[in-house]
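First the structure, in the form of structure tokens, and then the observations on it.
The values are calculated or read from the model by the stated rules, or taken from the named source; none is laboratory data. Only a predicted model underlies this, so the values are computations on that prediction, with no experimental measurement involved. Note that each Cβ is placed from the backbone with ideal geometry, even for glycine, and that neighbours are counted across all protein chains shown. The accessibility values were calculated without ligands, DNA or RNA, using every heavy atom of the protein model including side chains. Shrake-Rupley method; radii C 1.70, N 1.55, O 1.52, S 1.80 Å.
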Amino acid sequence: MDKEQHELYEYARRRIKQKKRLYFHFVLLILGSLFLFLSAKIFNIWPDNSWNIWIITIWIFIFILHFIKVFITDRFMNKNWEREQIDRLVTLQQNKIKQLESQITDENPT
């Protein structure tokens, strides 16, 4: 297996692991929210039962951040994106160097 295939395999493995963790987080969120909601209704521990809603809301917000990281940030800003940005910047620098060299040779045709 050459280096490029190995990198593709490792990237795919990391993405699957990220998605697996996200799905696990989702199932945990659903079960945990259900448990918090039912325990607040059944046991009626606090006179004000909004504490479970606050916990569930914060947990949903954390899940949304996790979802954004997996499906938006990491999807578009991965190793390929990094490599493309580096290649683009290197090309820009090389073009500037060539432009400066041509200006120097045009000014001093010795």
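Restricted to the stretch 1-57, and to residues there that are of a type in the set (Gly, Ala, Ser) and exposed (fewer than 13 other Cβ atoms within 10 Å of the Cβ), the residue that is nearest to Arg75 (Cα to Cα) is Ala12.
Each residue in the stretch 24-61 was checked for being within 20 Å of the chain's Cα centre (by Cα) and either under 30 Å from Glu7 (Cα atoms) or at pLDDT below 90 (or both), and 3 of them qualify.
Is it fair to say Phe67 is open to solvent by 80 Å² or more (accessible area, probe 1.4 Å) and modelled with pLDDT of 85 or more? Spell out the reasoning first.
Values: open to solvent by 80 Å² or more (accessible area, probe 1.4 Å): yes; modelled with pLDDT of 85 or more: yes.
So Phe67 fits the description; yes.
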